[in-house]
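The values are calculated or read from the model by the stated rules, or taken from the named source; none is laboratory data. What you see is a predicted model, and the numbers here were worked out from it, not measured in a lab. When we count neighbours, we look across all protein chains shown, and the Cβ atoms used for this are built from the backbone with ideal geometry, even at glycine.
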Amino acid sequence: MNFLAAGIIMLGAALGAGFGMCYATSKAVDAVARQPEAASKIQTILLLGCALAESTAIYAFVVALILSTAG
């Protein structure tokens, strides 16, 4: 049962992080297309946001590992 819970956690985290990063990237591309002179600021904010989204997936991976090795 722990493996099922770990799989569900990873599926949700991977989908959430993937959709979040895709949405942020699409909005950043749109913003750069509208204001090319602000590309460096937009890129910095985009990378920070993607790093935060990816850290959520990494935390979920750690929780899934703990669940799969527990009892």
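From the list Glu54, Glu37, the lone residue that is among the charged types (D, E, K, R), in a helix (DSSP H, G or I) and within 30 Å of Leu67 (Cβ to Cβ) is Glu54.
Among the residues of this structure, Ser26 does not count as one that is part of a helix (DSSP H, G or I), modelled with pLDDT under 90, small (Gly, Ala, Ser) and over 12 Å from the mean Cα position of the chain (by Cα).
Kindly indicate whether Ala70 is touching a helix residue (DSSP H, G or I) at 6+ places or on another chain (Cβ under 8 Å), among the aliphatic types (A, V, I, L, M) and touching a residue at least 60 places away in the same chain (Cβ under 8 Å). Give the derivation first.
Working: touching a helix residue (DSSP H, G or I) at 6+ places or on another chain (Cβ under 8 Å): yes; among the aliphatic types (A, V, I, L, M): yes; touching a residue at least 60 places away in the same chain (Cβ under 8 Å): yes.
Yes; evaluated as a whole, the condition is true for this residue.
Return the only residue of Leu15, Leu47, Leu67 being modelled with pLDDT under 90 and either in a helix (DSSP H, G or I) or surrounded by 13 or more Cβ atoms within 10 Å (Cβ to Cβ) (or both). Break it down into steps so the answer makes sense when it comes.
Details: Leu15 fails: modelled with pLDDT under 90; Leu47 fails: modelled with pLDDT under 90.
Within the list Leu15, Leu47, Leu67, the selection yields Leu67.
Please list, ordered by first then second residue, the pairs with beta carbon atoms under 9 Å, 6 or more apart or interchain, first in the range 41-53 and closer than 23 Å to Ala14 by Cβ, second assigned to a helix (DSSP H, G or I) and charged (D, E, K, R). From the range 41-53, the pairs are Leu46/Lys27. Cβ contacts < 8 Å: first residue under 13 Å from Ala53 (Cβ atoms), restricted to the range 14-38; second residue at pLDDT 95 or above, any location; separation 6+ or different chain. Result? Sorted first by the residue in the range 14-38, then by its partner, the list stays empty. Mind checking whether some residue in the range 32-42 is under 29 Å from Val63 (Cβ atoms), at pLDDT 90 or above and either surrounded by 12 or more Cβ atoms within 10 Å (Cβ to Cβ) or out of contact with any strand residue (DSSP E or B) (no Cβ under 8 Å at 6 or more places or on another chain) (or both)? No, the range 32-42 contains no residue that is under 29 Å from Val63 (Cβ atoms), at pLDDT 90 or above and either surrounded by 12 or more Cβ atoms within 10 Å (Cβ to Cβ) or out of contact with any strand residue (DSSP E or B) (no Cβ under 8 Å at 6 or more places or on another chain) (or both).
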